[in-house]
1. Would it be correct to say that residue 494 is without any contact (Cβ under 8 Å) to a residue 12 or more places away in the chain, touching a helix residue (DSSP H, G or I) at 6+ places or on another chain (Cβ under 8 Å), at negative phi and in a helix (DSSP H, G or I)?
2. Would you check which residues across region 44-81 are part of a loop (DSSP other than H, G, I, E, B) and either of a type in the set (Ser, Thr, Tyr) or in contact with a Leu (Cβ under 9 Å, 6 or more places away or on another chain) (or both) and list them?
3. Filter region 690-710 down to residues that are buried (at least 19 other Cβ atoms within 10 Å of the Cβ) and either closer than 16 Å to residue 754 by Cβ or touching a residue at least 40 places away in the same chain (Cβ under 8 Å) (or both), then give me how many there are.
4. Condition check: farther than 30 Å from residue 286 by Cβ, part of a loop (DSSP other than H, G, I, E, B) and at pLDDT 95 or above. Does residue 160 satisfy that?
5. Give the residues of region 142-161 that are touching a residue at least 40 places away in the same chain (Cβ under 8 Å) and aliphatic (A, V, I, L, M), sorted by residue number.
6. Can you tell me which of 81, 89 is buried (at least 19 other Cβ atoms within 10 Å of the Cβ), touching an Asp or Glu at 6+ places or on another chain (Cβ under 8 Å) and of a type outside the set (Gly, Ala, Ser)?
7. Looking at (1) buried (at least 24 other Cβ atoms within 10 Å of the Cβ); (2) outside any helix (DSSP H, G or I), which is the one condition that is false for residue 127?
8. Just checking, which of 519, 560, 492 is in contact with an Asp or Glu (Cβ under 8 Å, 6 or more places away or on another chain) and under 17 Å from residue 465 (Cβ atoms)?
Amino acid sequence: MAVYIALITLTLAVFWPVHSFEFVAFDDVDYIVENAQVQAGLTGTGIRWAFTAFHSSNYHPLTWLAHMVDCALFGLNAGGHHLSNLLMHILASCLLLRVLHLATRQLWPSLLVATLFAIHPLHVESVAWVSERKDTLSTVLWMLTLWLYVRYARKPGTLRYLAVAGCLLLGLLAKQMLVTVPCVLLLMDIWPLKRVSLSQGRSALPEFRRLAIEKLPLLGLAIVFCALVVIAQGEAVASTDVIPLSHRFTNAIVAYVGYLWHTIAPIGLIYYYPHPLASLSMLKIIGAAGLLIAVSYGAVRCGVRKPYLVVGWLWYVGTLVPVIGIVQVGAQAMADRYTYVPLIGVFIALAWGLRDCVESRPKLRGAVGAISAVAVAVLALLAHRQVGTWRNTDTLAAHALQYSPTNHMVHEMLGRHLFLRGEGEKAIGHLVESIKHAPDWAKSRAALGAAYLKDNRLEEALPHLERAVALNQNLPEAQYNLGLALKRSGRLEAAESALARAVELEPAHAEATLELAGLTAASGNQAEASRLYDRALALKPGWVNVYVNQGQAFAKAGKLSEAMPLFAKALELQPDLIPARQNLARALRESGKLERALNEYRIILKQAPDHAVALRGIASCLTDLGRPDEALDHLAQAEISIAVPIYRAIVAESLQAKAYAAALPALRQLTVADSANPRVHREYAFCLTQTGDLPGASEAFRAALALAPDANTYTNLGNIWARQKEWAKAVDCFERALKIDPSHQAAAGSLKRVQEIEGAHR
């Protein structure tokens, strides 16, 4: 018990700071922060989604359920999620100690392996990163599977075998990394269980064959999950056009050695190592291959006398196979998290090698013990420092850029993070830097396009979004933002296509579903639009935007009686939602319910006293109710900068309807509020003319001419004077008009007629 307490205490000392850490922008946002299914906690819908969705190109329903439990317990308090990860890691470490001690009956080597597993800096990523719950949870189940298998091996039986299979199934449901477990169990049969001995040579083959056949049901289970992985990660697997097989194999060789080097010297560990593609030197490849061959040869040669060496080495090599990059998911060369279980093999070889060294040379016991203690202390300190880099996105990115300043993925992540934090210009800077180092990295293009779009820089956003989709058609967020950009640019058919693709790629994308519903409604397919609105509401229950948008769609289609209840429902859920009340007021006004519309507009003004649309709505309702003076009195209380546009809108509506008298009160206000605008005076003069107030019209025309003399206004004023038989004044105006524009036909014609009339009167 004391060794378990010591192991737990040391692990807590290294990792305890995570309790105050934040979520990071690398996967945590997609997995938890913006994942409505996970945030809802354990619900029937969520459980069904967990077992049927391939979200984020993964199939790990048990991990999703674990995240849901955390959300139910801690909400979006990241510290709680981090502590859950730490708890899983401690449990996995203790189980590893238990398995090795049970299987070997040797405590101290088992403790050394479990300690190295618990505190090695390479394992920080799996523990301090909330999204790697799949690592810690699946490893707990992996260790439980090994424990159950040790019990089975000691006393075989059907129920015990089924327990092993059941635990393996749970582990596979947490992460498909466990597909190598059948092979690990076969290795354990050699050592430490010694169900078959390498020293027997060929005579051991029948027994080895029997043990291999024993694993076939487990292998079948693993193969099923391999198929699920292929389906889930199909869209995330890099094409051989992007990363050719030759580059994958050479990188895999170097990565095997790279992980070993980081095991010995865990310095400069970062969360993303860019793939070198063709930049690996032949010397590095040959050197790495030579080292792997030499170690493999040595392990096999020593395997008869020291089977833990060959078992440990094959454990390391074999469990890395699914993530070594032959099947390339993403664009990383390697990842610290991939070593979480594989390094157990290296630690086994090291711990039992030291044990044998001490047994053969007892005098070295003190030195080996001291060196081991110092090594553990150094690794613990390095791990503790590495833990600190995961405090938040800023610290994670700063650390990565310190060792890899041209790292396009780090710049992309930091750009996305800054964008979400509202620091648009800084975000754009990092995203541009990311594209500089990786021009064909679609995610950076998509993020930069989204940043430009948010900044209303449509012409800059579209090319990046279109390029992102051309590079990778399977990015739902890129398709979504492209749909928004195309919609804003008026290309509605293309926008609908992009949004449909976004929903196809990510059926749980509520925003894309809502936008697609709006475009579908606009195209006239109301039945499909209603289905999409219902789907959006199912994805985000109580989402007021759905009610508002669907109401707007009905209103545009002239179905006001169907629109108004939707706006009312939105207000029931969120009474202070101005857009919903504004739409309701407009629908009420258009349906002739003016008093109710007035009431809604007045409620808006209580929330936002200078709300221009509400002010204009009140003015329009009062005017329609035959109370124009009250409308203008109402507007007179508003600031000029707010009232002027509303006056202009009233004038425009009145002129379009040829309601010249209705336009006069607003124009009268404009001649004061916007007195330096010659157009106001001309429109005022025009309406006065139409209503028969010729003296007033002539005065208004003169005010316009004082601000901006032009031929048309002189001609119109001349006609006013002519109608009042002020011939000399009329002639003077027409002549002034022709002086400004000698080709002005209306002025010339009017001048000729007035001169003829004037001559006839002489």
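1. Details: without any contact (Cβ under 8 Å) to a residue 12 or more places away in the chain: yes; touching a helix residue (DSSP H, G or I) at 6+ places or on another chain (Cβ under 8 Å): yes; at negative phi: yes; in a helix (DSSP H, G or I): yes.
So residue 494 fits the description; yes.
2. Within region 44-81, the first condition is being part of a loop (DSSP other than H, G, I, E, B), and the residues that meet it are 53-54, 58-60, 75-77.
Across region 44-81, the qualifying residues are 54, 59, 60.
3. Result for region 690-710: 1.
4. no
5. 143, 144, 146, 150, 153
6. On the way: 89 fails: touching an Asp or Glu at 6+ places or on another chain (Cβ under 8 Å).
The conditions single out 81.
7. Only one criterion is unmet by residue 127, namely (2).
8. Values: 560 fails: under 17 Å from residue 465 (Cβ atoms); 492 fails: in contact with an Asp or Glu (Cβ under 8 Å, 6 or more places away or on another chain).
Residue meeting the stated conditions: 519.
The values are calculated or read from the model by the stated rules, or taken from the named source; none is laboratory data. In this text, all values refer to a predicted model and were calculated from it rather than measured experimentally. A quick note on method: Cβ atoms are made from the backbone with ideal geometry, for glycine too, and the neighbour counts reach across all protein chains shown.
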